[in-house]
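Please read the structure below before turning to the comments.
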Amino acid sequence: MFAALLSTGPAPLAPRPFADGFEIVGRARRAALYAGPESARDSLDGRHWLVGRIRLDARDELLERLGAVPTASDARLCLLAYARWGEAFTDHLAGDFAFALWDDQRQCLLAVRDRLGVRGLFHTRTADAWLIGDSLDWLAARSATPPALDDYWIADFLVLGMSREFERTVYRDIKRVAPAHLLTLGERGLSLRRYWRLELAEPVYLRNAEAYHELFRELLSRAVADRLPSGRVGIAMSGGLDSTTLAAMAVEVTGDPSRIVAECEHYERLMHIREDHYASLAARHLGIELRIRPADDIAHDPHWRSRSLRSAEPTVGMLNAHNIQRIGREMAAISPVWLDGEGPDNALTLERDAYLGWLRRRRSWGRLSQALLQYAAAKGFSGWSQTLARRSGLKRVPELDPFDVLPPWLQEDFAKKLNLAERQESLGLGGDPSHPWHPLAYDSFTSPIWQAYFEDHAFEESLAGFEWRYPFLDLRVLQFMLAVPPVPWGWKKHLIRASMRDRLPRAVLDREKTPLACYPEVATMRAIGLPSLPEAHGVGRFVDPSLLPDPAAPDPDLALSLGVHALDGWLSQKRQ
């Protein structure tokens, strides 16, 4: 944890108590910066101080531009970049970070969050100071009275499982710094500036297919290399394409398979998707260690309400936090860093009609003809057979979960007061679906859905003591995946399958995308029973508990209503 305080009055800043292990990185008349044991900290020339959590990408390039010594820490590089470029230093930083920086010469406090929002950052104002930090709990505890809840955040959580707006938190008067934003506190008060936007103008057209393969592997290799710890690295590896690709690239980058350890969660009773089989094929091919963890009995903790664990905000993860912590600590004992394979499913969405329609509107007849030929070749016989079967009704296409309607158990007056139906229609998932040839992918990566994903992982990190890193979300890799023509490269993630030919077993490369056959936690609850809400429940203002679905109800209804239990448990802990 780290924090920064800036006095709003004429009197000198009064010392604030902190827990053991925290040190004062710098203190001026109006400002103070504090760093916990795991936080980065540094100072420069007695004028600039910095605290935060920082992991930079492309360090070598930044070192060269700054003329810094190779041993310079990431915190030192951020300070040097600020000293060189001023507030434009954010243009030169990439990676996973959130930090606060005090400029004593300008009497100015700055706070920066990374471009995708991997690391969290919050701010609030008390009677005598601005507070900034990465701990929502710490900021809430500084309030003179119990902080008021944000009804919109709670409504979004109950309906969608996340906030539709980047800046909101569960507390009305504590805000998030949105991803890719620079917050400045000075004589003129608080200002926020967005320093980066995801740009996606024209598709990337290369000379031939192999050029796409080579560039993808090169970029992913850099991303993996930037995220490797000094010793062993863990990979959360299913038997799917994305995580096995990370394992293959980690072996290639390190040149030492013994440094790579993978963990595969395998369901033996709840579903039969053979993750252990395909993960084992990949592990043997790569020569890496694989740990297969039976997951049927760890999908839900029936005793979660009696545990002492808590989260800063309501999260469905609380219903299984005990198992998450136990498994996470075992993972942390293996490696302090684990790689996560999310990203390609969203970035390589096959938006065939949008892309081909865009080419038609531009009268790019050559590109259009080429795309159609490439699409036909990429699909091959098996792909077209599946299409024919689907069109003829021989193969059922799974329907989307009905999370786009307000659940019937919301209190009617609560939903009306907030205009939740209109809010849902106008905000959607909070992203931007207006891109002309890649609307779904662009909508995804401009939505708070990724912020919510990172926060869930941050909760897991806080329980277990290791760090998640995301090579596919390295901006060099992500922007390339988004920029390749969706046809043909989005067809079943053809870009990755073709790029990893001869690097992974054929059975893994040919495996169809295999979503979970059910919600594992819901299947477990049906088997053991989901307790009803306590009589003294705390969610009555938001929910009518009598309308909640029975565990025998369809999966989506029960899965969505888990947020009610999570909120009720969080409220009961909050009152203690």
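Every listed requirement among (1) farther than 25 Å from Lys493 by Cβ; (2) without any contact (Cβ under 8 Å) to a residue 24 or more places away in the chain is met by Asp353 save one, (1). Filtering Leu121, Leu110 for residues that are under 24 Å from Ala312 (Cβ atoms), among the aliphatic types (A, V, I, L, M) and within 17 Å of the chain's Cα centre (by Cα) leaves a single hit, Leu121.
How many of the residues making up the stretch 185-203 are part of a loop (DSSP other than H, G, I, E, B) and under 28 Å from Phe480 (Cβ atoms)?
The number of residues fulfilling the criteria is 9.
Per the listing Arg65, Arg76, Arg29, the residue uniquely without any contact (Cβ under 8 Å) to a residue 40 or more places away in the chain, part of a helix (DSSP H, G or I) and surrounded by fewer than 16 Cβ atoms within 10 Å (Cβ to Cβ) is Arg65. For the stretch 115-156, filtering for residues that are over 26 Å from Leu101 (Cα atoms), in contact with a helix residue (DSSP H, G or I) (Cβ under 6 Å, 6 or more places away or on another chain) and crowded, with 21+ Cβ neighbours inside 10 Å leaves 1. Just the residues that are farther than 20 Å from Met500 by Cβ and either modelled with pLDDT under 95 or in contact with a Ser or Thr (Cβ under 6 Å, 6 or more places away or on another chain) (or both), please, taken from the stretch 252-275. Once the filter is applied, which keeps residues that are farther than 20 Å from Met500 by Cβ and either modelled with pLDDT under 95 or in contact with a Ser or Thr (Cβ under 6 Å, 6 or more places away or on another chain) (or both), the stretch 252-275 yields Glu265, His266, Tyr267, Glu268, Arg269, Leu270, Met271, His272, Ile273.
Flag not set for Pro37, criterion: over 28 Å from Tyr453 (Cβ atoms), free of Cβ contacts under 8 Å to residues at least 24 places away in the same chain and not hydroxyl-bearing (Ser, Thr, Tyr). If the condition is being over 17 Å from Ile292 (Cα atoms) and surrounded by fewer than 24 Cβ atoms within 10 Å (Cβ to Cβ), then the stretch 228-247 contributes Leu228, Pro229, Ser230, Gly231, Arg232, Asp242.
Residues in the stretch 35-58 that are crowded, with 17+ Cβ neighbours inside 10 Å and among the basic types (Lys, Arg): Arg41, Arg53, Arg55.
State which residue pairs qualify: first residue touching a residue at least 12 places away in the same chain (Cβ under 8 Å) and inside the stretch 271-292, second residue assigned to a strand (DSSP E or B) and acidic (Asp, Glu) in any location, beta carbons under 6 Å apart, and separation of 6 or more residues or different chains. So the pair list comes out as Arg291/Glu263. Among the criteria (1) in contact (Cβ under 8 Å) with a residue 60 or more places away in the chain; (2) out of contact with any Pro (no Cβ under 9 Å at 6 or more places or on another chain), the one Tyr442 does not fulfil is (2).
For the subset of the stretch 320-368 comprising residues that are β-branched (Val, Ile, Thr) and not in a helix (DSSP H, G or I), which member is nearest to Phe445 (Cα to Cα)? Among those that are β-branched (Val, Ile, Thr) and not in a helix (DSSP H, G or I), it is Thr349. Take the conditions (1) among the charged types (D, E, K, R); (2) buried (at least 17 other Cβ atoms within 10 Å of the Cβ); (3) within 17 Å of Arg476 (Cβ to Cβ); Arg176 misses just one of them, which is (3). The conditions of being surrounded by 21 or more Cβ atoms within 10 Å (Cβ to Cβ), assigned to a strand (DSSP E or B) and assigned by TED's automatic domain parsing to the domain that holds Ala28 are not met by Leu182. Residue count for the stretch 163-208, restricted to those that are at pLDDT 95 or above, hydrophobic (A, V, I, L, M, F, W, C) and farther than 22 Å from Arg119 by Cβ: 2.
On the basis of being in contact (Cβ under 8 Å) with a residue 12 or more places away in the chain, surrounded by fewer than 19 Cβ atoms within 10 Å (Cβ to Cβ) and part of a helix (DSSP H, G or I), does Glu87 make the cut? Here the answer is yes, as Glu87 does meet what is asked. Of all the criteria given as (1) within 24 Å of Arg164 (Cβ to Cβ); (2) buried (at least 20 other Cβ atoms within 10 Å of the Cβ); (3) among the polar types (S, T, N, Q), the one not satisfied by Ser434 is (2).
Each residue in the stretch 449-496 was checked for being in contact with a strand residue (DSSP E or B) (Cβ under 9 Å, 6 or more places away or on another chain) and among the charged types (D, E, K, R), and 5 of them qualify. Here Ser143 does not fit the description of being of a type in the set (Gly, Ala, Ser) and in a strand (DSSP E or B).
The values are calculated or read from the model by the stated rules, or taken from the named source; none is laboratory data. Values in this document were obtained by computation on a predicted structure and should not be read as measured data. Glycine also receives a Cβ, built like all others from the backbone with ideal geometry; neighbour counts cover every protein chain displayed.
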